[in-house]
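Q: I have a structure I would like to understand better, so I am pasting it below and will then ask my questions one at a time.
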């Protein structure tokens, strides 16, 4: 449990980032399409993971649970994995088929989201505006992002944390 002010590396932040309409999101095993095409009807609730770090493996079970709880709201729940298709499949296994999963081996999407630490949780509105991001794993900050999603979609906010979730940690550098 954290005592005192939240360290900078654990803060979520409200951001004023508008993603370029032509930014490409490539689903595992599929063709990339512009982010504007993915946002025609639904927001995106995106968990960003780096399969080459321990930090992302520590949070995977909690991230799956969180996305499951948000499934059904008016946001496309998804993973953004900083790897190619093969490494994404190796890291996620069958989870890659259970959720919309994007790959970002060159981390161009991570850069566009202005993420500095992974794991991360982002809420991207249908207009391409990044409404909220939590970097690293701080349950309270991830809950804030989930609350932004559920407020926009009239859904119930997931329970974060659960006793099985890991303690807070900083994450790893987003750009490798």
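The values are calculated or read from the model by the stated rules, or taken from the named source; none is laboratory data. Please read all numbers here as calculations on a predicted model, not as lab measurements. All Cβ positions, even for glycine, are placed from backbone atoms using ideal geometry, and neighbour counts span all protein chains on display.
Q: Go through the stretch 106-127 and give me each residue that's surrounded by fewer than 18 Cβ atoms within 10 Å (Cβ to Cβ), out of contact with any helix residue (DSSP H, G or I) (no Cβ under 9 Å at 6 or more places or on another chain) and not in a helix (DSSP H, G or I).
A: Scanning the stretch 106-127 gives 106, 114, 126, 127.
Q: Within the stretch 17-60, how many residues are part of a helix (DSSP H, G or I) and either modelled with pLDDT under 95 or closer than 19 Å to residue 135 by Cβ (or both)?
A: First, the residues of the stretch 17-60 that are part of a helix (DSSP H, G or I): 35-38, 54-60.
If we keep only those that are either modelled with pLDDT under 95 or closer than 19 Å to residue 135 by Cβ (or both) as well, we get 54-60.
Count: 7.
Q: Being assigned to a loop (DSSP other than H, G, I, E, B) and surrounded by 15 or more Cβ atoms within 10 Å (Cβ to Cβ) is the filter here; which residues of the stretch 143-172 pass it?
A: Residues of the stretch 143-172 assigned to a loop (DSSP other than H, G, I, E, B): 154-168, 170-171.
Listed by number, the residues that qualify are 155, 157, 158, 160, 161, 165, 168, 170, 171.
Q: A further question on this structure: When you look at residue 130, is it under 14 Å from residue 47 (Cα atoms), surrounded by fewer than 22 Cβ atoms within 10 Å (Cβ to Cβ), in contact (Cβ under 8 Å) with a residue 40 or more places away in the chain and in contact with a strand residue (DSSP E or B) (Cβ under 7 Å, 6 or more places away or on another chain), yes or no? Show your work before the answer.
A: Details: under 14 Å from residue 47 (Cα atoms): yes; surrounded by fewer than 22 Cβ atoms within 10 Å (Cβ to Cβ): no; in contact (Cβ under 8 Å) with a residue 40 or more places away in the chain: yes; in contact with a strand residue (DSSP E or B) (Cβ under 7 Å, 6 or more places away or on another chain): yes.
Answer is no for this residue.
Q: Exactly one condition in (1) closer than 27 Å to residue 36 by Cβ; (2) assigned to a loop (DSSP other than H, G, I, E, B); (3) modelled with pLDDT of 95 or more; (4) over 13 Å from the mean Cα position of the chain (by Cα) is not met by residue 175; state its number.
A: Unmet condition: (3).
Q: For the stretch 83-105, enumerate the residues that are part of a loop (DSSP other than H, G, I, E, B) and in contact with a strand residue (DSSP E or B) (Cβ under 7 Å, 6 or more places away or on another chain). Outline the logic, then answer.
A: Our first condition is that a residue be part of a loop (DSSP other than H, G, I, E, B); within the stretch 83-105, this holds for 83-84, 93-94, 99, 104-105.
Listed by number, the residues that qualify are 83, 84, 99, 104.
Q: Given the structure, is residue 87 surrounded by fewer than 24 Cβ atoms within 10 Å (Cβ to Cβ) and more than 21 Å from residue 154 (Cβ to Cβ)?
A: On the way: surrounded by fewer than 24 Cβ atoms within 10 Å (Cβ to Cβ): yes; more than 21 Å from residue 154 (Cβ to Cβ): yes.
The answer is yes for residue 87.
Q: Please determine, by comparing only the residues of the stretch 90-105 that are out of contact with any helix residue (DSSP H, G or I) (no Cβ under 7 Å at 6 or more places or on another chain) and over 21 Å from residue 175 (Cβ atoms), which one is surrounded by the fewest Cβ atoms within 10 Å (Cβ to Cβ).
A: 94
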